[in-house]
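Have a look at the structure below, then the notes.
The values are calculated or read from the model by the stated rules, or taken from the named source; none is laboratory data. These numbers come from a predicted model, not from an experiment. Virtual Cβ from ideal backbone geometry, glycine too; neighbours counted across all protein chains shown. Only protein heavy atoms, including side chains, enter the accessible area calculation; ligands, DNA and RNA are left aside. Shrake-Rupley method; radii C 1.70, N 1.55, O 1.52, S 1.80 Å.
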Amino acid sequence: MSLPPSQVRHRLIDLLSGPHVKLSGDGATLAFEGAWWYRGEYTLLPCEQGTQVTYHVYNVATRARWLVPLVNRLYIGFAAATRKGFTETLRSLTR
């Protein structure tokens, strides 16, 4: 992304703002949690083109943790929906 990490971070915060959004101490990771198992983390690193944005989804369930991978496998399209959401988020950050 052709924006510097500080601008991407501010735009992500505006886009994802809510009570479950947390910023790491160094400002390189922006995380948010949802439902009973979901934690999404955006990592922002400087690169020649501006900012490299990486997105990871984590299972943070404290109960029935084993159920999450099973349900996600049964949810046909979960991976595609996650990729589509990430792509749409990147597009909205550059507008």
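Looking at the structure I just gave you, is G40 in a strand (DSSP E or B), open to solvent by less than 90 Å² (accessible area, probe 1.4 Å) and not polar (S, T, N, Q)? Explain how you work it out, then say what you get.
Values: in a strand (DSSP E or B): yes; open to solvent by less than 90 Å² (accessible area, probe 1.4 Å): yes; not polar (S, T, N, Q): yes.
Yes.
Working only within the stretch 68-77, note down all residues that are in a helix (DSSP H, G or I) and open to solvent by 50 Å² or more (accessible area, probe 1.4 Å). Give the steps one after another, and end with the answer.
Let us first name the residues in the stretch 68-77 that are in a helix (DSSP H, G or I), namely 68-74.
Scanning the stretch 68-77 gives P69, L70, V71, R73, L74.
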How many residues are free of Cβ contacts under 8 Å to residues at least 40 places away in the same chain, basic (K, R) and open to solvent by 80 Å² or more (accessible area, probe 1.4 Å) if we restrict to the stretch 1-37? 1
Quick one: V57 ticks every box in (1) without any contact (Cβ under 8 Å) to a residue 24 or more places away in the chain; (2) open to solvent by 40 Å² or more (accessible area, probe 1.4 Å) bar one, so which box is it? (1)
